[in-house]
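Structure record follows, encoded as structure tokens.
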Amino acid sequence: MSASTPVTDRWGPHADSLAGRTLVAMLESQRVPHALLITGPVGVGKRDLAIRIAQALLCNSPDAASNGPCRSCRDCLRLYDPGQPSLDPQHTDVEVIAPGSLCTESDHDHRASRTIGICVIRRLEHVATLAPFEANQRVIVINPAESLTSDAADAFLKTLEEPPDRVYFILLTAQDEQLSETIRSRCRTLTLAPLPNDRLDRWLDRWAAETGLELPADQRHRGELRRLARGRPGWLQANLRDGDPVSLRSAQIDDAIRIANTSRAERLDWSEQIAGRSSNPQSIDNLQLILDAWSDWWRDLWLHQTDRQNAIIHVSQRERIERNAALYDQGDLSQFLEQIQGTRALIERGVTHGLNARLALDVLLLSIPIPRKSS
């Protein structure tokens, strides 16, 4: 990316949003707060914006402060390599703190952890006191911030109250209500909202051209992809790299229909396959994806029953939606949708409270509405 690259491309999909304009104003006036809190739905692009902020602070381009990072100098590429988009920053003065990060104790193994403990924050505190190694400032990203344990959050608060010079903290969260008020009050909040369809389409076309990704030509397929994304560019980036999200969702719907028509014993067997005997990070991530798909699918059945066809997400599944919607009572569908949302919330909160994800899934599966044909 050259210095002539449009500012909107430098700042990514949220350049034209209130958050994007606010950020640019802070950089232009050289009044970037020592702690930023970026909030918004999962997949909306929080991590992407955090990396762009770090690039702007370390970029070698003379107009980075006013126009954003060039995205092509050595420092920018060490923070984000288009050839390896999922790779963490490789710059010595930028660090991402996440569940599984290193801590001060040599005998601790956090690879299977879903939280950020106080021992990790102790290491962060030490790193923050060190002078930048290559750049003029240091950037520390905490993602997701709600994974801080209570002890870790208390320890981190002391660092926020007396921040070291030339250190910027960027906290990312989709659940800012889980952060303490004291931490939130010491951060400047930037809230990212889902993009409207026209802006999402323009960004998707630019991103696909830059990465060489081939988008579906069929407009109905493209429309369903847009509906699945719900305005979240980060969701599209992550899922399009792994294949076709529409085809994957079709397979997940197959599972949802099959499980709804199996016995209680078969449902519990399936639960063990999906969630495992213990709540490890991989099984929880997989379970969250399944619950996302199930929420969309059962909601489509309810939307069909309430004659809200324009809001249906899985437009390629209309025949199956019509056929399956006729099998269930509308009240049962509404109640089950609430149970899916409750289960998702339980699992999200349980990450820091030791909840057994499989138990939560068992309860949900045993609550699947009974089709009229078998009642």
Practice item. Grab the helices (runs of 4 or more DSSP H) fully contained in region 210-286, keeping just those with 3 or more residues being surrounded by fewer than 20 Cβ atoms within 10 Å (Cβ to Cβ). Key: 219-229, 245-260, 264-275
Study note, to complete from the structure: Out of (1) within 21 Å of R249 (Cα to Cα); (2) modelled with pLDDT under 95, the one W298 does not meet is (2)
Review point. Can you tell me which of L58, L77, L18, L102 is hydrophobic (A, V, I, L, M, F, W, C), over 23 Å from L192 (Cβ atoms), more than 18 Å from the chain's Cα centre (by Cα) and modelled with pLDDT of 90 or more?
Key: L77
**Study point:** Pairs with Cβ under 8 Å, 6+ apart, first in region 79-91 and among the charged types (D, E, K, R), second outside any loop (DSSP other than H, G, I, E, B)
**Key:** D88/V96
**Study point:** F133, sole failed condition from (1) surrounded by 15 or more Cβ atoms within 10 Å (Cβ to Cβ); (2) at pLDDT 90 or above; (3) outside any helix (DSSP H, G or I)
**Key:** (1)
Check your understanding: In this structure, is N324 at pLDDT 95 or above, over 30 Å from P99 (Cα atoms), open to solvent by 10 Å² or more (accessible area, probe 1.4 Å) and not in a loop (DSSP other than H, G, I, E, B)?
Key -> yes
Practice item. Identify, by number, the condition in (1) closer than 24 Å to G43 by Cα; (2) in contact with a Ser or Thr (Cβ under 8 Å, 6 or more places away or on another chain); (3) not basic (K, R) that W203 doesn't meet. Key: (2)
Review point. Does I340 satisfy the condition of being β-branched (V, I, T), modelled with pLDDT of 95 or more and either within 20 Å of L366 (Cβ to Cβ) or not in a loop (DSSP other than H, G, I, E, B) (or both)?
Key: yes
Review point. For region 197-209, how many residues meet the condition of being open to solvent by 30 Å² or more (accessible area, probe 1.4 Å) and over 20 Å from D296 (Cβ atoms)?
Key: 7
Exercise for review: Would you please list the contacts, defined by Cβ atoms under 9 Å and residues six or more apart or on different chains, that run from a residue in region 147-163 that is in a helix (DSSP H, G or I) to a residue that is open to solvent by less than 90 Å² (accessible area, probe 1.4 Å) and acidic (D, E)?
Suggested key: A155/E125; F156/E125; K158/E125; T159/E125
Point to revise | Meets criteria (touching a residue at least 12 places away in the same chain (Cβ under 8 Å), under 22 Å from the mean Cα position of the chain (by Cα) and open to solvent by 50 Å² or more (accessible area, probe 1.4 Å)) for R372 | key: no
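The values are calculated or read from the model by the stated rules, or taken from the named source; none is laboratory data. Quick caveat, the model's predicted, so the values are computed rather than measured. All Cβ positions, even for glycine, are placed from backbone atoms using ideal geometry, and neighbour counts span all protein chains on display. These area figures cover heavy atoms from the full protein model, side chains too; ligands, DNA and RNA do not enter into them. Shrake-Rupley method; radii C 1.70, N 1.55, O 1.52, S 1.80 Å.
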